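What follows is one structure encoded as structure tokens, with my remarks underneath.
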Amino acid sequence: FKDKYFKLEDDKPCKTITAHMSYDCNMYIHPNQARGLTPREAARVQTFSDNFEFKGPYSKWYEQIGNAVPPLLAEKIGRIIQSCF
């Protein structure tokens, strides 16, 4: 798999965050450090606020983040739907 290891770039969009990230963070290597993204960094990519509280074990946070609709996208869609009524 040619994209198995992917180093993110500061000035480019991130790859799509997926729930599979809980098994292999090497698809999302930090742009300035030799490590994968933390769950909090992945949550920031998905537009979760820093004070958003994830439930359950730390190991399950990646799944919650990857399975979620990004909050800012959900808000935008909700406002568009709301304007139709």
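The values are calculated or read from the model by the stated rules, or taken from the named source; none is laboratory data. What you see is a predicted model; the values in this text were computed from it and never measured. Cβ placement follows ideal geometry from the backbone for every residue including glycine, while neighbour counts extend to all protein chains displayed. When the accessible area is computed, the model is the full protein with side chains, heavy atoms only, and any ligands, DNA or RNA have been set aside. Shrake-Rupley method; radii C 1.70, N 1.55, O 1.52, S 1.80 Å.
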Note to self: How large is the accessible surface of HIS30 in square angstrom, using a 1.4 angstrom probe and rounding to the nearest 10?
What the structure shows: 20 Å²
Check: Can you give the helix-only mean residue ellipticity at 222 nm for the chain, where every DSSP H stretch with n ≥ 4 adds -39500 (n - 2.57) and the sum goes over all residues, rounded to the nearest 500 deg cm²/dmol?
Finding: -9000 deg cm²/dmol
Checklist line | Helix 71-83 vs. the chain, principal-axis angle (Cα, 0 to 90°, nearest 10) | finding: 20 degrees
Check: In square angstrom, what is the accessible area per residue of the chain with a 1.4 angstrom probe?
Finding: 73 Å²
Margin query: Going by amide H atoms built from the backbone, whose H comes under 5 Å of the H on GLY36, apart from near neighbours?
Written below: HIS30
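Just to confirm the filter: which trypsin sites (Lys or Arg not before Pro) across the chain are DSSP coil and have at most 13 other Cβ within 10 angstrom of their Cβ?
Within the chain, the qualifying trypsin sites (Lys or Arg not before Pro) (loop, at most 13 other Cβ atoms within 10 Å) are LYS2, LYS4, LYS15, ARG35, LYS55.
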Margin query: Rounded to the nearest percent, how much of the accessible area of the chain (1.4 Å probe, protein heavy atoms only) is carbon and sulfur?
Written below: 59 percent
Margin query: Can you pull out the GluC sites (Glu not before Pro) in the chain whose DSSP state is coil and whose Cβ has at most 11 other Cβ atoms within 10 Å?
Written below: GLU9, GLU53
Notebook entry, point to check: Picking from PRO31, PRO57, PRO70, which is most flexible by a Gaussian network model of the chain using Cα springs under 10 Å?
Noted result: PRO57
